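The values are calculated or read from the model by the stated rules, or taken from the named source; none is laboratory data. What you are looking at is a predicted structure, and each value in this text was computed from that prediction instead of being measured. Here Cβ is always computed from backbone atoms with ideal geometry, including for glycine, and neighbour counts include all displayed protein chains.
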Amino acid sequence: MSDQVRTRFAPSPTGSMHVGNAHTALFNWLFARKHGGTVVLRIEDTDELRSTPEALDVIYGGLTWLGIDWDEGPDIGGPCGPYVQSERLERYQEAVNTLVGEGKAYPCYCTPEEVEERRQIMRAKGLPPKYDGKCSSLTEQEREALEAEGREPCIRFAMKHTGNTVVNDRIHGDVVYDNSLCGDPVILKQSGFPTYHLAVVVDDDAMRITHIIRGAGHLPNTQTHLQLQEALGIPHPEYAHLPLILGEDRTKLSKRHGAVSITEYQDLGYLPEAMFNFLSLLGWSPGDEREILSRDEIVSLFSLASCNKAPSVFDLKKAEWMNGEYMKQMEPGQLVGRVHPWLVEAGLIEEELTPERREWLVKVVELMQERAKLLSTYPTWARYFFTADYEYENRARSKWLDKESTPDVLDRLTAAFEALDEWHVQTIEVAVRGIAEETGVSAGKIIHPCRAAVTGTTIGPSLFHLLALLDRDDVLARLRRTAELSRQGKLAPATDNDGGA
Ligand code: GLU
């Protein structure tokens, strides 16, 4: 099969890319890459939405961020274009003409209100609320009469109403649909636009798609697609319906659960490679306990047979944990490249770094690396490395800075630091421990107020290391300022509280 696999990702240009869509794109990509196949990007804009450059950019941007590329698509073309459905209308019309000509589809003159009214009656009678087939057997005269009334028809596909349709799904196995429950779907709207069912079947064939990998929400649609393929004399592609993605309360993942578009994850400070890894484990597993896997490993281990049919839960905590693991594993020098834009954006550092400044930044990033879970953590948790303009967290005030003994501790620190010949980790540590000994308290009683004063927080990386990365004069100024404010009881309550690392 290896050089013939063709998969497609077929988003509608809604203006955002739901993580479910990104997940579908990823699995199509994985399957195609695994088999040396082709990934087609097709824009499905025959519903209410017409593709706009902005909506396309959201799709391209989301995929590109995740590192999912495509081999054919609207932007790069290919042998089966155009790849935007609204540019392919004549093909759908042609298919409709064939179906109508062969008596496999028919014009329907019912208004949506009439259809709905009759559905209500069926519901009330406990019958499946499907289209009742009213227009399926109109005579030529009846049609003419309806048209004379000014009614414009849509076209419905005549489904089979007896027997079963069996979807042979690569993930769900054989799924049997009872044909008697299904009404005749509209395939061409009054506007001349096809519906999803027709467009998808025509295009998947025209684009020679071999494997249709999409969300489980589309599984019931496959009943119609299989019958349309038969009616059009088109071969059936393989189907694989990916498990639904649920929120932690096991309802369909939606805005209520937090960020649902892939761009939001980018904006929250996720690394694309971590998101890629995380999404790949929704509904698939490598067959062992491993969770951190490289792209290449995922591609080589991926198979539809190892996908689950049970819905998977989008566990945000796990996503964050995984991102943290990726950040920990990165070379600090490489991580700096990712963190720097976030700091620039926050106005904390200059865009152009001198080699010395970059070297310093590598050390800062390295020091925070164990703790930071997201790129966005740096401008917040590490703010004090870049500016003395930080807030004193309420916890820092109540635990340490509001204490009567604190100004004295800070004064001692100021004096000891000022007196140091050299400013580095060891000399700082000796000075701090010296004060503890002198005053007969545990080192913590000196370390904590010092951290609270110099960083505004109660937690963070090694105090001696972080102080060594700050300019000594800056540290002295921070200690003096805090001592003064503490003495005067003027430490302001924090607005954004207790977020520190
Ligand atoms: N445009 C459809 C969607 O966004 C694609 C459905 C399919 O893959 O067949 O859900």
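List of remarks:
- For ASP184: the one exception among (1) within 14 Å of the ligand (Cβ to nearest atom); (2) more than 28 Å from SER312 (Cα to Cα); (3) not basic (Lys, Arg): (1)
- Filtering region 171-210 to residues that are under 24 Å from ASP71 (Cα atoms), touching a residue at least 40 places away in the same chain (Cβ under 8 Å) and not aliphatic (A, V, I, L, M) leaves TYR196, ASP203, ASP204, ARG208, THR210.
- Subset tally (residues that are crowded, with 20+ Cβ neighbours inside 10 Å and not in a loop (DSSP other than H, G, I, E, B)) for region 385-406: 6
- Of the residues ASP57, ASP75, ASP47, the single one that is away from the ligand (no atom under 12 Å from the Cβ), in contact with a Phe, Trp or Tyr (Cβ under 7 Å, 6 or more places away or on another chain) and closer than 27 Å to PRO194 by Cα is ASP75.
- Residue pairs whose Cβ atoms lie under 7 Å apart, separated by 6 or more positions or on different chains, with the first residue in region 216-241 and assigned to a helix (DSSP H, G or I) and the second among the small types (Gly, Ala, Ser) and away from the ligand (no atom under 11 Å from the Cβ), are LEU232/ALA95.
- Within region 358-381, one or more residues are of a type outside the set (A, V, I, L, M, F, W, C), in a helix (DSSP H, G or I) and free of Cβ contacts under 8 Å to residues at least 24 places away in the same chain.
- Whichever residue in region 194-234 is within 14 Å of ARG88 (Cβ to Cβ) and small (Gly, Ala, Ser) and, among such residues, is nearest to the ligand (Cβ to nearest atom): ALA199
- Unmet requirement for ASP45, which otherwise passes all of (1) of a type outside the set (A, V, I, L, M); (2) in contact with a helix residue (DSSP H, G or I) (Cβ under 6 Å, 6 or more places away or on another chain); (3) not in a loop (DSSP other than H, G, I, E, B): (3)
- Scanning region 398-448 for residues that are out of contact with any Pro (no Cβ under 6 Å at 6 or more places or on another chain) and among the aromatic types (Phe, Trp, Tyr) returns PHE417, TRP423.
- With respect to the conditions (1) surrounded by fewer than 18 Cβ atoms within 10 Å (Cβ to Cβ); (2) in contact with a strand residue (DSSP E or B) (Cβ under 7 Å, 6 or more places away or on another chain); (3) within 18 Å of LYS130 (Cβ to Cβ), THR195 falls short on a single one, namely (1).
- Number of the condition not met by ILE155 [criteria: (1) more than 27 Å from the chain's Cα centre (by Cα); (2) surrounded by fewer than 19 Cβ atoms within 10 Å (Cβ to Cβ); (3) not in a helix (DSSP H, G or I)]: (2)
- Complete set of residues in region 252-299 that are touching a Lys or Arg at 6+ places or on another chain (Cβ under 7 Å) and more than 22 Å from HIS18 (Cα to Cα): VAL299
- Count - residues of region 1-34 that are within 12 Å of the ligand (Cβ to nearest atom), in contact with a Gly (Cβ under 8 Å, 6 or more places away or on another chain) and among the β-branched types (Val, Ile, Thr): 2
- Filter pass, GLU238 being within 15 Å of the ligand (Cβ to nearest atom) and in contact with a strand residue (DSSP E or B) (Cβ under 8 Å, 6 or more places away or on another chain): yes
- Of the candidates VAL202, VAL176, VAL186, the single residue that is among the β-branched types (Val, Ile, Thr) and surrounded by fewer than 19 Cβ atoms within 10 Å (Cβ to Cβ) is VAL176.
- Top-ranked residue in region 310-349 [being assigned to a loop (DSSP other than H, G, I, E, B) and more than 18 Å from the chain's Cα centre (by Cα); ranked as surrounded by the most Cβ atoms within 10 Å (Cβ to Cβ)]: ILE349
- For THR165, the criteria (1) in a loop (DSSP other than H, G, I, E, B); (2) under 40 Å from the mean Cα position of the chain (by Cα) hold in every case but one, which is (1).
- If you go through region 119-141 and pick out every residue that is more than 29 Å from GLU230 (Cα to Cα), part of a helix (DSSP H, G or I) and among the charged types (D, E, K, R), you end up with 1.
- Within region 46-61, the set of residues being modelled with pLDDT of 95 or more and in contact with a strand residue (DSSP E or B) (Cβ under 8 Å, 6 or more places away or on another chain) comprises LEU56, ILE59.
- A single member of LEU268, LEU304 is within 16 Å of the ligand (Cβ to nearest atom) and either modelled with pLDDT of 95 or more or closer than 27 Å to ALA372 by Cβ (or both), and it is LEU304.
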